[in-house]
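The values are calculated or read from the model by the stated rules, or taken from the named source; none is laboratory data. In this text, all values refer to a predicted model and were calculated from it rather than measured experimentally. Please note: Cβ atoms are built from the backbone with ideal geometry, for glycine as well, and neighbour counts cover all protein chains shown.
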Amino acid sequence: MKVCCFKERAYETCADCPDYSSCGIIQGFYNKKGYKYKKYKHSLDFVRKNGYDNFLQRADNWKGPFGKLD
């Protein structure tokens, strides 16, 4: 993901990529077992819909690596 997103395409995150929904790399990442992968997907989906500023405002209140977005 880092090579594709940052180096090759110069995006901040995969949320900026127009190929996000069809990308085999990110979708494969989301299909891994574990709760955190669902939270990563939820966060990027939130950024795509609501923007980075809104995400960062909500994340400022988190006590750990993830929290509520809704």
Among the residues listed as Leu69, Leu56, the single one being touching a Phe, Trp or Tyr at 6+ places or on another chain (Cβ under 9 Å) and either free of Cβ contacts under 8 Å to residues at least 40 places away in the same chain or not charged (D, E, K, R) (or both): Leu69
Pairs, first under 13 Å from Tyr52 (Cα atoms) and in contact (Cβ under 8 Å) with a residue 40 or more places away in the chain in segment 1-22, second small (Gly, Ala, Ser) and in a helix (DSSP H, G or I), C-beta under 7 Å, six or more apart: none
Positions within segment 50-70 being assigned to a helix (DSSP H, G or I) and over 11 Å from the mean Cα position of the chain (by Cα), in sequence order: Asn50, Asp53, Asn54, Leu56, Gln57, Arg58, Ala59
Which numbered condition Ser43 fails, given (1) within 13 Å of the chain's Cα centre (by Cα); (2) among the polar types (S, T, N, Q); (3) farther than 13 Å from Cys14 by Cβ: (3)
Single residue of segment 1-32 satisfying the filter (surrounded by 12 or more Cβ atoms within 10 Å (Cβ to Cβ) and not in a helix (DSSP H, G or I)) that is modelled with the lowest pLDDT: Met1
